[in-house]
Amino acid sequence: MKKWTSLMSLCALFIGLETYAQDNVIELQFERLISNIQSEKSIIESTATNENHSTLLNALRATNLDKVLNYSGEFTVFAPSNLAFEKLSKATIDKLYNPENKKLLKAMLSYHIIADKLSASTILKAMCRGNGIAKFTTIQGEKITATMRGIDIVLTDKSGNSAIIVTADSNQSNGIIHEIDTVFIPEKML
């Protein structure tokens, strides 16, 4: 019941904001202007300058996914922080970074990328339309499910691994980055 109440509160907030914005056209135009401001950097260029994502950057470079995330298309990256990678066991890290397991590392990283630009508000609106649940397809071809826990957006992969978006909406020239607190590693990869 608490989960449903939180979702309904968010939906009511969105409806209220939409109504308020219609009454205040100037403020709405200002908000759109701010939300459309994008970084001059690509996702990879931004990741390279963020000390909190150095482990992710190294993994993307090791699998050549850095080249994909430098294209001009629109992507959403659920970017595990360095702290998220530190939660993994040494055995898991060793296995993933073994040069013989490059395909495994690439598949794991592909669970964190969607070929579309999804802002936090887009994710929330999709959850409102989906009765509290929204599903998005990663470039790996698997689904990531978004739900709410309190005020947090929680992402869950098909194996039941969950991550919370801790920093949302870092706009880039070719998409958006949401920092998450956990690395998605499907069970079949371990």
Which FRET efficiency value, to the nearest 0.05, is calculated for Lys125 and Asn82 with the Förster distance at 25 angstrom and r the Cβ-Cβ distance? 0.25
Within the range 32-176, what is the number of lysine pairs with alpha carbons under 16 Å apart, leaving out pairs fewer than eight places apart on the same chain? 15
Carbon and sulfur atoms: what percent of the 1.4 Å accessible area of the range 48-190 do they account for? 50
Protein chains only, probe 1.4 Å: how do Phe136, Phe184 rank by accessible area, largest first? Phe136, Phe184
With a/c under 1.5 counting as rounded, go ahead and sort the range 67-126 into rounded, prolate or oblate using the C-alpha gyration tensor (a ≥ b ≥ c being the square roots of the eigenvalues; past the cut-off, prolate if a/b is larger than b/c, else oblate). oblate
Distance between the range 88-102 and the range 143-172 - C-alpha centres, whole angstrom: 24
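The values are calculated or read from the model by the stated rules, or taken from the named source; none is laboratory data. If you're wondering where the values come from, they're calculated on a predicted model, not measured in any experiment. Cβ sites come from the backbone with ideal geometry, for glycine too, and all protein chains shown count toward neighbours. Side chains are part of the model used for accessible areas, which takes the heavy atoms of the whole protein and leaves out ligands, DNA and RNA. Shrake-Rupley method; radii C 1.70, N 1.55, O 1.52, S 1.80 Å.
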